[in-house]
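Here is the structure we will look at.
The values are calculated or read from the model by the stated rules, or taken from the named source; none is laboratory data. None of the values given here were measured: they were computed from a predicted structure. Reconstructed Cβ throughout: ideal geometry from the backbone, glycine too, with neighbour counts over all protein chains shown. Protein only, heavy atoms only, side chains kept; ligands, DNA and RNA dropped before computing areas. Shrake-Rupley method; radii C 1.70, N 1.55, O 1.52, S 1.80 Å.
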Amino acid sequence: MAHAEDTLPYIVVESSRINTAAEIDPSQATGPVRIVDRNDFDNRTANLADVLGNQTGVQIRQSGGLGSASAISMRGSTSRQVQVLLDGMVLNDPVTGGVDLGKLALNDIQTIQVYPSGAPAQSAQAGIGGTIVLETMGKRLEDTTRIDLGAGSYDTYTTGLFRSGSHEEVYYWLTLDRQSSNNDFEYPNSRDWFNPNDGSTTKRRNADFEQDAFSAKLGWELSETSQVDSLIQYSRHEQGIPTIQNWRDNNASLDNETFRLQFHYREQGWLDGSVHSSHRLMAGDISERYDNRTGRVGLGSSDVRTDTRQLGLVNTVSLLLANHTLTTSVDVSRFDFEQDNTLNTETSDDRDRLQIASSLSHQWRSDSANWRTRAALRHYVTRDDSSLVQGNGSVTSSASNDHYTGWQLGLSHIVVESWTISANVARNVRIPTLQELYGQQGLFVGNEDLNAEESFDYDLSLRTDQSWGHAEATGYFRTLDPAVVATYDARGIGRYVNLEAEIYGVELDGRIRITDWWSLFGNATFQESENTDVSNQVRYQKRLPGVYHESWLVGSQWRMRPFSLELWYQRDDELYYDSANILPADPRKILNVALRWSRIWPNRSESELALEVRNLSDEFYQDYNRFPGPGRSWFINLKHTF
């Protein structure tokens, strides 16, 4: 982690009132918020999954090494239940619902906010399993040029270039980033479990990945109260898809191209500054090709091409009345999805979803700022149209209209100096994805009778902030009635069904400053889950699969200029691969260490060299059944800012 003094050549500190309709202020939340600043992940060989993995209450499951498929869980949720926002744009697509965090580079991200208790009050949408808010870099940057270079285990290489500048009221920045890795890590081979043709150890095959990313922002301060900017992002992600058996002749691949464009206008001068507004026009296109013509992965040969297009408009208006803030937001988005299997030209899949999410929220704080409340009401309207061309030439079409309502209430009170207690209750809804409703190219059978997921969430937190650091404890309880899960038949064909479940647990988080140069930190999550659906006795009263029920992390940091050293150990346990709890996973035990050296030169340029060793004890673990994670690995990164 960089020192504040060391970042002075890069960050220009300005004092200005925020636009409450455009910017999310985590200090106004009535529940825990984890904030990850750029200094915490800059100059690392990492993506969003790697950065979030050590946050309190957050679990990341990966199918392999760097860039592999990565799913997030918060408080026992599925990845579909966690909503990811990028500058107000929802990244969860309506087809699969989840976001692969392994594909999200951090080259243009300034701040990450983690909301395990629903969503910020002014957001038009909220996730059952919490919300991740990504904020790209803004205008408070000097004229800066930065280069990044990195290398590491398994032929891992990273390069990056950043440039920012301004002229009077106009500012800009652009960034280029490239990451690649063979991911050919070695792991123990069990012949009756992995590859019968390999020896006692083997190397992961066809797990390589390569990613190029470009993004740029151009902004113009029209006046002291108004601003307009545009953001463009492009990324290309190519990765091999390994098999459970690690076959030598497997060459399946998944290639992805993502394009996003945003235009944003904000104004905070209406009615002498008492009305703030934000208006975002957003467009996106995700093109993907899954090439498995050899048929080594899954159920058979396929060469599937998909294209998902998004067009959206988000309008938010806030009214500031003394200690009260009223905000209304309307998010209108249309998604168009097309999918074709080139090995079966007689079938095609075409689906559309129109979604309108609206919200009305109220936030209040007392004159002494000892009390804060928030209340939000959200309403969702969707229209789905689906057209599937069958192999005999017939067309199966369907259309549906639905609407749902959710709400949340929150209260925070400073009981005594530096001690805060907060409580939240919410009813959240997740609309079924198009895949869950209508199936997808033979891999899943649709269930048009599927009901939306509904949850009631409760949490209670106690936090203290002292001169020596902070400590926080949170208890939470969630009921899912109904939830959505996938069941599979003997052929491996999936179908989504509704069931009921409960999740409850405790989160602990703290940091203690022992001296000016030495601090200790840690977090823990102990949770329990239960399938409460009596319709299936095999799964009834069993733990939910894919969730580590015990997680804890402890670490220490030393800062002695120009060096800093960080050592942390993380253990995750009590995970089941299956809903019947027949296949338990071994604990995931990882020891990491990071050493940094930084220097500000006489010309005010800055250099930083970082060495990170992950899984120092070379532990073997599998987040997914028969998909091993990498063993001991090292990465070295150099950043120089001119």
Under 18 Å from the Cα of K589 - aspartates and glutamates, other chains or at least 8 residues apart: D50, E186, E550, E566, D572, D573, E574, E612, D618, E619, D623
Under a 1.4 Å probe, counting only protein heavy atoms, Y290 has an accessible area in Å², nearest 10, of 60 Å²
At 1.4 Å probe size, with the rest of the protein present, what percent of the exposed accessible area of the range 26-641 is carbon and sulfur atoms? 55 percent
Distance from the range 191-257 to the range 531-583 (C-alpha centre basis), Å: 24 Å
Given a 1.4 Å probe, how much area per residue of the range 552-642 is accessible, in Å²? 49 Å²
Extension gain, L460 back to L377 (0.36 nm per residue minus Cα-Cα distance, nm): 27.8 nm
To the nearest 10 Å², what's H403's accessible area with a 1.4 Å probe? 130 Å²
Please arrange K639, K203 by accessible surface area, largest first, computed with a 1.4 Å probe and ligands excluded. K203, K639
Tell me what the chain gives for mean residue ellipticity at 222 nm when only DSSP H runs of n ≥ 4 count, each as -39,500 (n - 2.57), the sum divided by the residue total, rounded to 500 deg cm²/dmol. -500 deg cm²/dmol
Given the whole protein assembly as supplied and a 1.4 Å probe, what does the accessible area of E606 come to in Å², nearest 10? 10 Å²
Expected unfolding gain across Y157-I636 under the 0.36 nm per residue rule, minus the alpha-carbon gap, is 171.5 nm
Please work out the average accessible area per residue across the range 42-137, using the 1.4 Å probe convention, and give it in Å². 16 Å²
Find the relative contact order for the range 26-641 and round it to a whole percent, using C-alpha pairs within less than 8 Å whose residues are 6+ positions apart. 11 percent
Length-normalised contact order of the range 228-380 in % [C-alpha pairs under 8 Å, at least 6 apart]: 16 percent
Estimated FRET transfer efficiency (W220, R561; beta-carbon r; R0 51 Å; 0.05): 0.80
